[in-house]
Amino acid sequence: MTQLTKAEERIMQIIWRLERCTVSDILKFIEAEQGEEKPPHSSISSIVRILEDRGFVSHKAYGRTYEYFPAVTREAYTKSTLSRLVTDYFGGSMSNLVSFLVKEEKIDKDELSDMIEQMKD
């Protein structure tokens, strides 16, 4: 699976959250939920078309209005991204990743112990 750009991923996160939406819905979400000024309709429309060309989004047409929906689940993209991260930065070793997180204090030893206990069940 290909990696999304930051702009593509931002729009894809919104589409995953809304599940089915138009470009106007995405613009409303950006303004209302994220408290940002609406970007140009054409910019978001272009990104959504790119996402569709890359196989991340599909659409259903209602006349001239397109309703978009995810063609790739968030979980599938997360799995692919994490796998690429582990391969590219941690020598393919998940334990190197976990060790890094502990050293950087992004996860404490108690959380790690709890995770290990959960995996035993």
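The values are calculated or read from the model by the stated rules, or taken from the named source; none is laboratory data. Note that this is a predicted model, so its numbers are computed, not measured. Methodologically, a virtual Cβ is constructed for each residue, glycine included, from the backbone with ideal geometry; neighbour enumeration extends over all protein chains shown.
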Look through Lys103, Lys79, Lys38 and report the one residue that is farther than 16 Å from Trp16 by Cα, outside the structural domain of Ser24 (by TED's automatic domain parsing) and of a type in the set (Lys, Arg). Lys103
Could you please find all residues in segment 59-96 being modelled with pLDDT of 90 or more, more than 19 Å from the chain's Cα centre (by Cα) and of a type in the set (A, V, I, L, M)? Ala61
I'd like to check which helices (runs of 4 or more DSSP H) are fully inside segment 45-121 and have at least 3 residues that are surrounded by 12 or more Cβ atoms within 10 Å (Cβ to Cβ) and touching a residue at least 24 places away in the same chain (Cβ under 8 Å). 74-89
Condition first: surrounded by 10 or more Cβ atoms within 10 Å (Cβ to Cβ) and among the small types (Gly, Ala, Ser). Now tell me which residues in segment 18-44 satisfy that. Ser24, Ala32, Ser43
With (1) more than 18 Å from the chain's Cα centre (by Cα); (2) modelled with pLDDT of 90 or more; (3) not acidic (Asp, Glu) as the list, and Leu112 as the residue in question, which single condition is left unmet? (2)
All but one of (1) among the aliphatic types (A, V, I, L, M); (2) farther than 26 Å from Arg84 by Cβ; (3) assigned to a loop (DSSP other than H, G, I, E, B) hold for Leu27; state the number of the condition that does not hold. (3)
